[in-house]
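Here is the structure we will look at, set down as structure tokens.
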Amino acid sequence: MVDLLQEARGIGSSLASRSEQIEANRTLPDDVVADLTDAGLFRMFTPTGLGGPEVDVATAIDVISEVSRHDGGAGWCVMIAGTTSLLAGFLDEAHAREIYGPADSCTGGYAAPVGTARIVDGGLRVSGTWAWGSGTRHCTWIGGGARIVGADGSPLRRDDGLYAPLVFFNRADIEHLDTWHVTGLAGSGSADYRVADAFVPEGQWTQLMTATPRLDGPQWRFPFYGVLAMGIAAVSIGLLNGAVDRFAELATSKKPEGSGRTLSERSTGQAVVSSAEATARSTRSFLHDVIGEAWTTAEAGDPLTIEHRRSLRLAACDSAQRGADALTNLQREAGGAAVYLREPLQRMVRDGQVAATHAMVAPRIHELTGRLRFGLDTDTTLL
């Protein structure tokens, strides 16, 4: 079996050398896509029965973190494609094989049901515009959440319970919109995309809120949105690790204006780098701790409890938020050296701030996990 973590480490320095180009491109350049595809990093959860690596959740988190250590945009795209490959275990076998069977398969998209779907013979007709299409320009199939509506546009539920599927579009159905002009994670190419009256054949979808996995394995007992949140946390941890490395390099030569000592010789520089490293290591440990507990339960064939799911989201939110704060502290201590766009540290900081705004790890998630800690009635649909 391919060691994906070793593959990620092998292309790390190459990604770092192309990071400025990746950001300027506002989507992954073709050569970067080819490298990540050849390394198998877009297919992490793809089942072995479809030729995929079918990694465990902890390994996936470390792979995402390692890529993000060298470039946030590339790490984000690996995270999106990797977590989305979980859906191979939910699709019927024929569609799973069509979408995830090819060695170059790569999926992404936006799951919220903002599109509309009308029932037709043999499937659905879907239209809509979706935001946050990370990596969709290089995806082989693109997902989009849609709500089924009747002829008058009112919501409709099929007899089989289908009402808000995440459908998969052929890339030929997609119109990419030039909307991704942002302060961070520019290289992720998370632009809007549009579909106009595309036919989606029966079963080329999954309904995340109610779906039961077709495959029986611990990966598919984890909540999809929980895995997504942990993937985002892994990006944050990787960015912080990269920033600690870069700050350590700068600190050996940078002397603050008017000082005869380098940052590495000053107590403030020593304290900031130490605190940031501690944050990166402790958040990773927290994340792996709760993943390990959940994995043990899932591996035994048991469903994850609400407390498992709460803990996964708690650790993910903590990682992203504390990581963003630690990144800001590093940039502040680095001073003028970190204001130049050519400086990798400032790019890592901006990427980390944007990652921490994602709805799956935003500060309000602590309200959700706090309510559950107090035993209050709470909507856990997306937990």
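Any read-out appearing in this document is the output of simple, stated calculations on the displayed coordinates, not a laboratory observation. Quantities reported herein were computed from a predicted structural model and do not represent experimental measurements. With ideal geometry, Cβ positions are generated from the backbone for all residues, glycine too; neighbour counts draw on all protein chains shown.
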| field | Shape call, region 107-206: gyration tensor on alpha carbons, a/c limit 1.5 | value | prolate
| Cα gyration tensor shape for region 233-380, rounded if a/c is under 1.5, else prolate or oblate | prolate
| trypsin sites (Lys or Arg not before Pro) within region 99-187, DSSP loop, no more than 14 other Cβ atoms inside 10 Å | 157, 158
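Within 10 Å, at most 14 other Cβ atoms, and a DSSP state outside H, G, I, E, B define an exposed site. Report the longest part of the chain free of exposed chymotrypsin sites (Phe, Trp or Tyr not before Pro). Can you show the working numbers first?
On the way: sites that count: 340, 374.
With chymotrypsin sites (Phe, Trp or Tyr not before Pro) excluded where exposed in loops, the chain gives 1-339 as its longest stretch.
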| query | Cα centroid distance between region 305-383 and region 36-52, in Å? | reply | 28
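Can you pull out the trypsin sites (Lys or Arg not before Pro) in region 343-383 whose DSSP state is coil and whose Cβ has at most 15 other Cβ atoms within 10 Å?
Answer in residue order: 364.
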| Cut-off of 10 Å, at most 15 other beta carbons, DSSP loop: longest stretch of the chain lacking such GluC sites (Glu not before Pro) | 1-201
| Where the centre of each part is set by its Cα atoms, how far does region 6-20 sit from region 112-148, in angstrom? | 32
| What is the diffusion coefficient of the chain in µm²/s, taking the Kirkwood radius over Cα pairs and the Stokes-Einstein relation at 20 °C with a viscosity of 1.002 mPa s? | 100
| field | Crossing angle, helix 4-17 versus the chain [Cα axis fit, 0-90 degrees, rounded to tens] | value | 60
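For residue 2 and residue 270, compute 0.36 nm times the residue count separating them, minus their Cα-Cα distance, and round to one decimal in nm. It would help to have the intermediate numbers written out before the result.
Numbers: separation 268, 0.36 × 268 = 96.48 nm, distance 3.88 nm.
Roughly 92.6 nm would be gained on extension.
Give me the percent of DSSP beta bridges within the chain that run antiparallel, rounded to the nearest 5.
75
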| task | Among the trypsin sites (Lys or Arg not before Pro) in region 234-332, which ones are in a DSSP loop with at most 12 other Cβ atoms within 10 Å of the Cβ? Mind listing them? | result | 261
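What does the helix-only formula give at 222 nm for the chain: each DSSP H stretch with n ≥ 4 adding -39500 (n - 2.57), the total divided by the residues, and the result rounded to the nearest 500 deg cm²/dmol?
Values: 11 runs with 176 residues, N = 383.
That calculation yields -15000 deg cm²/dmol at 222 nm.
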